[in-house]
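Taking it in order: structure first as structure tokens, then the write-up.
The values are calculated or read from the model by the stated rules, or taken from the named source; none is laboratory data. Since the model is a prediction, treat every value here as computed from it, not as a measurement. Cβ atoms come from the backbone with ideal geometry, glycine included; neighbour counts cover every protein chain shown. Please note that ligands, DNA and RNA were not included when accessible areas were found on the heavy atoms of the full protein model with its side chains. Shrake-Rupley method; radii C 1.70, N 1.55, O 1.52, S 1.80 Å.
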Amino acid sequence: MPARQIGSPFVRFLVSGGLNTLGTYLLYLALLQVLPYWLSYAFAFVAGIALAYVLNRIFVFGAPRSEKKAAMLPLVYLVQYLVGALIIYVWVNALNLHPTFAPIASIAITIPLTFAASRWLFR
């Protein structure tokens, strides 16, 4: 089934984001066994950027390959990372909650920001 037949770009963004989130969350949990939470989050986040570029370009927006857009996507995710890292820091250090679920809180807050920036970039 072609990507365009799977709902709106936002629905496709949520589907691709769900796949990306699952993969990077599992990577985060694995890294959490041997690294501190902040470093585990950073490594998983970088892996997620590469996957997001492929999924957003092909599945979500159907955009042609572009080195310029590929170079700009990390800027979108840098903003998401900084906001997400702040949320995780507050979750763990200010709220004294367990770091296992910190990325989920971060994702819930940063999804709309990332969709808007990605849509702008790929159009």
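Measure off 7 Å from each Cα along the Cα-to-Cβ vector at residue 98 and residue 19, then give the distance between these two points in nanometres to one decimal.
Label-label distance for residue 98 and residue 19, simple model: 3.0 nm.
Can you list, bin by bin at 10 Å, the percent of alpha carbon pairs in the chain, starting at 0?
For the chain, the pair-distance distribution reads 13, 45, 30, 11, 1.
Go ahead and set up a Gaussian network model of the chain, Cα springs under 10 Å, then flag whichever of 74, 99, 112 fluctuates most.
Between 74, 99, 112, it is 112 that shows the largest mean-square fluctuation.
Along the charge dipole of the chain, Cβ charges K/R +1 and D/E -1, which of 120, 27, 98 sits furthest on the positive end?
Final value for the positive-end residue is 120.
Carbon-plus-sulfur fraction of the accessible area of the chain, 1.4 Å probe, in percent? Show your work: numbers first, answer last.
Working: 5290 of 7110 Å².
Within the chain, the accessible surface is 74 percent carbon and sulfur.
Before I look further, what does the chain give for accessible area per residue, probe 1.4 Å, in whole square angstrom? Don't skip to the answer; put the middle values down first.
On the way: 7110 Å² over 123 residues.
So the chain comes to 58 Å² accessible per residue, rounded to a whole number.
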